[in-house]
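The values are calculated or read from the model by the stated rules, or taken from the named source; none is laboratory data. Bear in mind the structure is a predicted one, so any value in this text is a computation, not a measurement. Ideal geometry is used to build each Cβ from the backbone, glycine not excepted, and the neighbour counts take in all protein chains shown. All accessible areas refer to the heavy atoms of the entire protein, side chains included, with ligands and DNA or RNA removed. Shrake-Rupley method; radii C 1.70, N 1.55, O 1.52, S 1.80 Å.
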Amino acid sequence: RGAAVASVAQLAQRLEADGLGSTCNISTRLTEQSVPELEIRMRSAKAVEARKKERAEAWPRLVTGLLAKQLRDLEHLPEVDLLRLMKELRQVERRLRPGAEAPGGVRRCEPKDTLLEWDVAMCFPQDSTLQRGLEHRAALADEASADGGLLLLVRFPLDFPKAPPEVWIQRPRLKHNNIATVTFGGRLCIALLSKSNWEPTTSMCSVLEEIQRQMLESGAEVDCSEQVAMSSSRGRYLPVVAPLERQRTEVFPTANGFAKGGIQVISAPEAENFLGGVENLERTDKIILPHSYLKEICDRQGHLESPAMFEIKTELGRKRHCMVLDWRSEVEAGLAILPRWVMEDLGLAERECVQIRGIRLELATYVKLQPHSADFYDAVATADIETGKLLLQSLQSQVSALTEDTCVPIRVREQTFRMQVVQLRPQAAVRIVDKDVKAHFKFAVDFEPAPDLADEAARKAFNKRILEKLKSGKDKHESDKLAMEEGRQAARRRAYEAVLARAEEEAGKERGEGGEVEVTIRLPDGKSLFGKFSPGAPAAAAEAVVLRSAWAQAACPWGVLLQEAALPRRKLGTEPGLMATITKDMHRSALLVRPQEPAEHELSRHVQEATPEEQVEALSKPKPNLQRSTSELQRNTLQAALAMAWQRAGLEEEEARRHAQNGEIPPPARGGAGFGRAARLARSASVKEEEEDKDSEEDDGSQDGGADQEHRREEMVEQFRNVIAWATTEEAMCALRKASWNIEAAMNSYLDTPDRPAPAAHIGSGGGGEGPEAADEEAVATLTGMGFAKSHAESALKAFGNDIPEAANFLLANMDELDAAIAALS
């Protein structure tokens, strides 16, 4: 049979080479007469072309079918990687099945309305401080921790898996110990989730395992104080309302052509050992930079754009924005000085490296803050100061810029309190300092209550929950005790019935009636039974008589032992050493009944094996189907992706959702940089740059225009490398070409790219499209990036004409038996 299959496979290949069609399937089977038959299914060349055309239209049909609307512009529709998201979700769900090892202690993982947001419940080792804290919160009868685990929110960006997801803690609240792993707002910051360390091939199972490991190593603890439990938030973090990636680099244009990485930061107290005049730095949020950086900026562009705002980005991806306080010649290049409280808020150690970039920020219009402690309210009440006026004065005098999910110090008399920045408008980072220092501006200030601010209604609810828990605990103890006793009785009843059935089976037809040997049997309750047995009857016949008595039916003995009342007091039974039969010399004798009791561990084992009737009824009921419809999830995901795209373009959340529900596609970014990228940057670009781009496109047709364009592009490459010194010439070329030679968009894209772009072969406008071989390699790389083996990816792509969605759907559908499916496909 194997030789026949090989021969036919070669024949099918020759037919394909001749253009007659393609092989669909080759299968063998045995008929009823054990004759092997071989079946070959092939498609004609016309059918193959029709299928290729059908696959080319698969993505638009999928989108329009899911959204149930005829979208006007499919070219710029965000192609969310639905296949990769479904694959990651299925992998986690597969690891949660009984008998499998859950990734990172995950108990539950399920998507919300879309695949872009997951709810994940995570537990930790029983002997860890974190897990003991979680269980203690559950003991406080707090609904936020009733499941005894940590509830996480995983949010995926539109360009996942090229960009990492965000992970936030929803509940319960952890102690804020200025550790770098968790911010006060609940965002998890680990190296694996930073853009510089993220790999597109990283699976979510690995992410969850790394989160559990980092949480244990960082020494995170649950805030188990009663003040937090009795607050209005009841130990939860604030809901994550900010749109995803509000702090991404492309939202904030680079200013002054300044961007440097690998800069070591030290605190102001540490700098006092070798530098004077930095004592005022600790009362601000500003930064001190080397004077050589100022000279470098002025030499490049002739002036310093004011106000000089900068973005500080840590290796874990945490960001903060501030203004420069001074340019000091005593500070050497590669060094920066920050206030200690800023370093603590960012989780930075002395001499740790950061990336610093000059940026442009808009003025603040709205600020929402949350005190770290309820002591702030007492201090404000004692000082007799209006809260809004106090905050405006403090922010304008001490702070130059604000960033979401960071803290700022507010001084009340002689005390300093930390305030968390919850939400900002119009962007996730704003400046408080205006260009004209004499001009004043106002912004709205809103509040969220402190996590430990006791609320009267919450206090009453907390006390009510404690009383209800105590009462329910007492009731549960009584019900458990009653259930245990019922279980023991049920176990004894089953054991009694089993012993009775065995005795009657061994006794056969002997019922203790009409025999020659008369025996009196004395029961433990003082009553007696009379039996007439045949000589040689099995001892089990006497046991059956005893077990059928009213005493046995009420007492349900585990077993009985019969013994003669007179000497020599022989014992009857089936075990070795006992009398197995009733003899003639036992005529008119008396037998004593001794009930047998089980060992406690044996009775407990039978109780555990018991299945109460209510459990049987529950098991017999059909389980609800908790898995959501795949098409519904995909439809909701596409709508959410459209809403996120509109938010990237600058719309508010409600307006963006309305556009998405209407099936409207957001406009593409200028310069062809891709869907939804640098929308704000495109709006802030100057008219002069647009005219230069237009002129350069018109001049492409002439030789002189081409030479001028080449020269301008070489100048762009040089300017790119002057700003980003660590970039190579090839990397600068590649970044500029991808951004259609928009230097500002290229620099922003380069700074946020997790993997450095591949070097370009030359500077130019580019030639024709890639050949089939390059397309094959790119398609294989896409599928291997989803976690499939290279051999499987190549086979699937070859079978489906390099159609990535079709090949990926086939691999996902046959995940459990992939080798067999690939063999059949080949």
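For the reader, a short list of remarks on this structure follows.
- Sparsely packed loop sites in segment 379-436 (the GluC sites (Glu not before Pro) outside DSSP H, G, I, E and B with at most 11 other Cβ atoms within 10 Å) comprise GLU386, GLU414.
- Each of ALA590 and LYS476 was given a label point 7 Å from its Cα along the Cα-to-Cβ line. The distance between the two points is 5.4 nm.
- Close amide H pairs (under 5 Å, H built 1.01 Å from N) link ALA255 with GLY358, ILE359, ARG360, residues at least 5 positions away or on another chain.
- The accessible-area ordering, largest first, of the residues ARG14, ARG357 stands as ARG14, ARG357, per a 1.4 angstrom probe.
- Exceedance of the 30 Å cut-off in Cα-Cα distance is limited, within the set LYS53/LYS195; LYS112/LYS195; LYS295/LYS319; LYS87/LYS175; LYS112/LYS476; LYS112/LYS286, to LYS53/LYS195; LYS87/LYS175; LYS112/LYS476; LYS112/LYS286.
- Amide proton proximity set for GLY559, modelled H, under 5 Å, gap of 5+: GLN596
- Accessible area per residue (1.4 Å probe, heavy atoms of protein chains only) ranks THR403, THR387 as THR387, THR403, with the largest value leading.
- Most to least packed among 27-39, 336-348 [average Cβ atoms within 10 Å]: 336-348, 27-39
- Protein heavy-atom surface of segment 234-372, 1.4 angstrom probe: 49% of the accessible area is carbon and sulfur, with nucleic acids and ligands not counted.
- A full extension of the chain between THR581 and THR729 corresponds to an added length of 43.0 nm, given 0.36 nm per residue minus the alpha carbon distance.
- Label point distance in nm, GLU344-GLU516, each placed 7 Å from Cα along Cα→Cβ: 10.4 nm
- Database remark: amide H of GLN170 closer than 5 angstrom to the amide H of LEU151, LEU152, LEU153 (H placed geometrically; neighbours at sequence offset of 5 or more, or on other chains; Pro and chain starts carry no H).
- For ALA555 and ARG502, the FRET efficiency from 1/(1 + (r/R0)^6), where r spans their Cβ atoms and R0 equals 25 Å, is about 0.90.
- Residue-by-residue Karplus 3J(HN,Hα) for segment 428-433, coefficients 6.51, -1.76, 1.60, Hz, glycine and proline x: 6, 9, 9, 9, 9, 8
- Additional length obtainable on full extension of the chain from ILE385 to ARG494, 0.36 nm per residue less Cα span: 31.5 nm
- Residue-span extension gain [LYS571 to THR129] - 0.36 nm each, minus C-alpha spacing: 153.1 nm
- Two-site label geometry, GLN415 and ALA483: point separation in nm, points 7 Å out along Cα→Cβ: 4.9 nm
- Using the Cβ-Cβ distance between ASP299 and GLU710 with R0 set to 25 Å, the FRET efficiency from 1/(1 + (r/R0)^6) comes to roughly 0.45.
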